[in-house]
């Protein structure tokens with residue numbers, strides 16, 4: 001569930017992802033900036049803003065490193081929003097990611113298994129968020145958000161996304177279940193990994209069970225398989 005550490009693993013695995021800055025909050029105006037070599041440098045908030053504007057440009061997303069259901073995740077289109085969203089993210093975790101926004105479709109795969117028994121990856125689905133992005137409200141409160149269980153993308157794109165979903169799952173030593181989320185850039189068709197969710201939702205609107213049911217599993221069979229994986233760990 002730690003987005004910052006997952007990103008480091010994905011970089012090592014050479015899985016394409018959006019540019020980002022990783023910081024830790026110490027107190028009201030003091031932060032630590034962690035560079036690509038994991039060097040830690042104390043830095044003030046205004047320096048972080050300047051760095052983000054220079055390296056990423058607007059719009060950006062600000063995310064707590066450890067958080068689910070998009071809690072604390074917000075989009076920043078200007079300096080004022082960036083300052084506000086860093087503060088909001090810090091209420092959920094002291095570790096914070098500032099990420100370059102990508103104009104993209106949101107594509108997701110469900111994964112089940114482990115390196116010992118084998119890994120099954122479903123066909124990709126697509127999120128059609130009602131809002132500007134798939135926020136907590138878009139996920140759980142807005143009935144206009146929709147999920148497409150078999151994404152309308154090319155077969156080559158489907159196979160590449162499934163390959164990357166499996167690679168990401170194995171790279172973090174995944175076991176049991178995960179949902180792997182991707183961005184498919186609208187103008188270029190370039191694929192970026194967004195994140196891996198190692199405890200995806202199982203509500204009536206959740207993608208994970210829907211994707212496996214489209215793949216041919218009954219709901220009860222999904223649960224049976226997951227219990228079996230745990231018992232054989």
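What follows is calculated from the coordinates using simple rules that are stated; it is not laboratory data. Not measured: the values here are computed from a predicted model. Cβ placement follows ideal geometry from the backbone for every residue including glycine, while neighbour counts extend to all protein chains displayed.
Among 127, 205, 191, which one shows the biggest mean-square fluctuation in a GNM of the chain, springs joining Cα atoms closer than 10 Å? Looking only at 127, 205, 191, the biggest GNM fluctuation is shown by 205. Axis of helix 219-231 versus longest Cα principal axis of the chain: the two differ by about 70°, to the nearest ten degrees. A simple packing score, the average count of other Cβ atoms within 10 Å per residue, orders the peptides 180-190, 93-103, 4-14 as 93-103, 180-190, 4-14, with the highest score first. Gain on full extension, evaluated as 0.36 nm per residue between residue 116 and residue 154 minus their Cα-Cα distance, stands at 10.6 nm.
Each part gets one Cα centre, and for the stretch 198-233 versus the stretch 108-123 those centres are 11 Å apart. The angle between the Cα long axis of helix 3-12 and the longest principal axis of the Cα atoms of the chain comes to about 80 degrees, rounded to the nearest 10. With just the Cα atoms defining each centre, how far is the stretch 66-107 from the stretch 1-59? Give it in Å. Measuring centre to centre over Cα atoms gives 12 Å. So I have (i) 20.3, 63; (ii) 18.5, 66; (iii) 18.0, 52, and one of them is Rg and Dmax of the Cα atoms in Å calculated from this model. Which one is it? Given (i) 20.3, 63; (ii) 18.5, 66; (iii) 18.0, 52, the calculated one carries the label (iii). Overall size of the stretch 104-231 from C-alpha positions, given as principal axis extents largest first: 42, 31, 24 Å.
For the chain, the longest principal axis of the Cα atoms and the long axis of helix 79-90 meet at an angle of about 60 degrees. Subtracting the Cα-Cα distance of residue 79 and residue 26 from their residue separation scaled by 0.36 nm leaves 17.0 nm.
Taking every DSSP helix (H) stretch of at least 4 residues in the chain, weighting each as -39,500 (n - 2.57) and dividing the sum by the residue count yields a mean residue ellipticity at 222 nm of -10000 deg cm²/dmol.
Cα-Cα pairs above 13 Å in the stretch 175-221: how many percent? The calculated P(r) of the stretch 175-221 puts 65 percent of pairs beyond 13 Å. Approximating the spin labels as points 7 Å out from Cα along Cα→Cβ, the residue 190-to-residue 221 distance works out to 3.9 nm.
Restricted to Cα atoms, the stretch 19-100 shows a radius of gyration and a Dmax of 11.3, 30 angstrom.
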